[in-house]
1. Name, by its number, the condition in (1) modelled with pLDDT of 85 or more; (2) over 23 Å from the mean Cα position of the chain (by Cα); (3) open to solvent by 10 Å² or more (accessible area, probe 1.4 Å) that does not hold for Ser176.
2. Would you point out which residue out of Val270, Val260, Val228 is in contact with a helix residue (DSSP H, G or I) (Cβ under 9 Å, 6 or more places away or on another chain) and surrounded by 24 or more Cβ atoms within 10 Å (Cβ to Cβ)?
3. If Val215 satisfies every condition in (1) under 21 Å from Val167 (Cα atoms); (2) open to solvent by 10 Å² or more (accessible area, probe 1.4 Å) but one, which is the exception?
4. Of everything in segment 368-385, what is over 30 Å from Pro348 (Cβ atoms) and open to solvent by less than 60 Å² (accessible area, probe 1.4 Å)? Give them in sequence order.
5. Hey, Thr392 hits all of (1) of a type in the set (Val, Ile, Thr); (2) part of a helix (DSSP H, G or I); (3) surrounded by fewer than 24 Cβ atoms within 10 Å (Cβ to Cβ) but one; which does it fall short on?
6. Quick check on segment 277-298: of everything there that is of a type in the set (A, V, I, L, M, F, W, C) and in contact with a helix residue (DSSP H, G or I) (Cβ under 8 Å, 6 or more places away or on another chain), which residue is surrounded by the fewest Cβ atoms within 10 Å (Cβ to Cβ)?
7. How many of the residues making up segment 252-281 are in contact (Cβ under 8 Å) with a residue 12 or more places away in the chain, part of a helix (DSSP H, G or I) and of a type outside the set (Phe, Trp, Tyr)?
8. For segment 502-519, indicate whether the set of residues that are of a type in the set (D, E, K, R) and farther than 25 Å from Gly439 by Cα is non-empty.
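The values are calculated or read from the model by the stated rules, or taken from the named source; none is laboratory data. Keep in mind the model is a prediction, meaning the values are calculated, not measured. Neighbour counts are summed over all protein chains in view; Cβ atoms, including those assigned to glycine, are modelled from backbone coordinates with ideal geometry. For the accessible areas, the whole protein counts, side chains as well, though only heavy atoms, and no ligand, DNA or RNA atoms are used. Shrake-Rupley method; radii C 1.70, N 1.55, O 1.52, S 1.80 Å.
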Amino acid sequence: MTLPGQLLPLTRPPPAPPVLSSRRSRCPPPAAHAHARGSPPPLWRAYRLNDRFLHPPRQFRAPARAPRAPTPPGVSAAGGGEARAAAVAVAEFVTSERVKVAAMLGLALALCNADRVVMSVAIVPLSQAYGWTPSFAGVVQSSFLWGYLMSPIIGGALVDYYGGKRVMAYGVALWSLATFLSPWAAGRSIWLFLFTRVLLGIAEGVALPSMNNMVLRWFPNTERSSAVGIAMAGFQLGNTIGLLLSPIIMSRTGIFGPFVIFGLFGFLWVLVWIPAISGTPAEHAQISAYELEYITKGQKLVKPQIGSAKTKKVPPFSKLLSKWPTWALISANAMHSWGYFVILSWMPVYFKTIYHVNLREAAWFSALPWVMMAVLGYVAGLVSDTLIRNGTNITLTRKIMQSIGFLGPGIALLGLNAAKSPIIASAWLTVAVGLKSFGHSGFLVNLQEIAPQYAGVLHGMSNTAGTFAAILGTVGAGFFVDRMGSFRGFLILTSLLYFSSALFWDIFATGERVDFDGTG
């Protein structure tokens, strides 16, 4: 008895009975008997029986099939077919523990950006209330970056030593406290208020190194771009949440209402993160054996050595800075941060001053591009992982992704500069910010590939350069508007910097591991 869906064994049909005839049958030649006793006769040979030529039946051969990819336990390829196996594989991915890690990282980065972007909206009523000039408003905007400048290198080293889970928890708790205390500090003095913004920057400096560390430990090589895409989608949606909800909350609760609400959500995130997420897959109590084996087999990296002598030694900063791939990362991060913070900090003011729209409309025009960045960032991750799985060289993949992430915004900003209406300007801004997300599958993933054992500190070094560029761009845009009376010349300068950075990246970047320890 066979089970449903089970294939019956292949058997040779019984021989046909001899044909009775009054005529004399001619026996087949001896060669035919030889074939019958041994190997089967060739298909072209015919037998003559009763003055008729009969061809032997064709031999059945099972068609050759490509080997199937391994499927999760409990999935039968015979019963459900490839479609069912693919559906179960997708379901396994969506419900896996590693995707939960990526989702929690996305929520943390959403809070990270929502807390910093509140000032981009609040700066307009605060400037009106206190009589700040555009130059001083730029200084207030950049106060977050003063703190952000201090922490990435130290934070990256802490991440390499203690792991991303612990450092991320402390970081979210600290920046949520700084956000929550902002209204109280503002009521005391402008300097105390600026201090809370600096503290916010210090705490948020560990967010991206922690995210990179968790992705490095929780995802195989072929899924890291997608994981970064999920996490960075939350990062960009934080911009959208901050820009859209802040004017609404301010209209009902006052200027500092969003600071209190976003700070409370940060404390809630920490309460969920600590018990639900582990630092590595092996430490997770609920991970399946299948998923743990899949992650382990898909990782080609130096295993974390928390507490070992190798981790405790001082990172080789001189050797890191002696390699051109490091400078390619530093240049890419600097340009990415320049464009990112200029757009994030000044676009609401840009739409209000250039096109004379009100604050809520300016927030809408400025928020829509970040939704596109979240979507295209995940799409870029899928495309990048697919290229690598299909055999495309990792170096070429990273150069393609980063070139799109620089050349696209450079061209789009020129279009924004020539726009005659806020709708057209918002469309060009959406293109610029959306294509910018391809850099997440370029330089941001490349940190893990060229130096997995120093990914945190290398991220911190490049982030520090990016923060310098962001301060220069944010403050420089304010002074440029003061002197020139317009943003247009500054947008042309930013486009030229995008083009130059793309060229530098394509020349010096690599997707191969770089020997920073001098071991080979």
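1. Result: Ser176 fails condition (3) only.
2. None of the others qualify; the one that does is Val228.
3. (2)
4. Listed by number, the residues that qualify are Ser384, Asp385.
5. (2)
6. Applying the filter and picking the extreme gives Ala282.
7. 11
8. Taking every residue of segment 502-519 in turn, at least one turns out to be of a type in the set (D, E, K, R) and farther than 25 Å from Gly439 by Cα.
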